[in-house]
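Where a number appears in this text, it was derived from the coordinates with a stated rule and is not lab data. As the structure is a prediction and not an experimental result, all values here were calculated from the model. Cβ coordinates were reconstructed from backbone atoms using ideal geometry, including for glycine residues, and neighbour counts include every protein chain displayed.
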Amino acid sequence: MTSKQQLREQARARRAELARALPDFAARIAAFADELSFPLGANIAGTWPIRDEADPSALMTALAAKGHSLALPCIIAREEPLQFRKWSERDATIVNLFGIAEPLEDAEVVAPQVVLVPMLAFDADGYRLGYGGGYYDRTLASLREAGMVLAVGIAYAGQEVPRLPRKPHDEKLDLILTEKGVRRFTP
């Protein structure tokens, strides 16, 4: 069986190809904002894309225009869940040690009802392959323990693989949004 590290390397290469082939990805997924049916005024935690990640920025703009509040993740400590701080497009950010934009430290900490999740790959059952740090698995587990949260994977359709290896701590996505539309994994 292929190790997760080998899968990550293959998935990174595939994602880079997809990013080059779909330069309009962000606009294409934003067109599906009305199909997501998030609760009115929900706090939605997005991501600021790095490298060739599937870009949710236009979707986040569309969701903010529909009355949702936005937040970005912040890494507080290595083995801890992410913290989410309120953010809008006009707010300043800082770049963390991983090269990811985060809201300033004085931004309000919020508990999101929806988390837009980046990835390297996903499978037909709604599991994702991340970067190996476990940040999103820990975060989703913590948020789900505290109450309801919807995990929405943001990916290119071509990032799908038949099946990913799983461990007990791996958190399943509720749905995924690709340039082809919304796909639900939970009822």
From the Cα centre of segment 57-111 to that of segment 131-182, the distance in Å is 18
Can you tell me how segment 9-61 classifies by the Cα gyration tensor, rounded, prolate or oblate, using a/c under 1.5 as the rounded cut?
prolate
Among the listed pairs 66/86; 4/172; 66/167, which have their C-alpha atoms separated by more than 28 angstrom in this model?
66/167
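Enumerate by residue number the GluC sites (Glu not before Pro) in segment 69-168 meeting two conditions: DSSP loop (anything except H, G, I, E, B), and at most 11 other Cβ atoms within 10 Å of the site's Cβ. It would help to have the intermediate numbers written out before the result.
On the way: sites: 79, 89, 105, 108, 145, 160; in loops: 79, 89, 105, 108.
Answer by residue number: 79, 89, 105, 108.
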Between residue 6 and residue 65, what is the label-point separation in nm under the 7 Å Cα-to-beta-carbon projection?
4.6
Which value, to two decimals, describes the C-alpha radius of gyration of segment 1-89 once divided by 2.2 N^0.38 Å?
1.28
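How long are the semi-axes of the equivalent ellipsoid of segment 4-184, taking √(5λ) for every eigenvalue λ of the Cα gyration tensor, in whole Å from largest down? Intermediate results must be reported in sequence, preceding the final value.
Working: eigenvalues 101, 73, 56 Å².
Over the Cα atoms of segment 4-184, the semi-axes work out to 22, 19, 17 Å.
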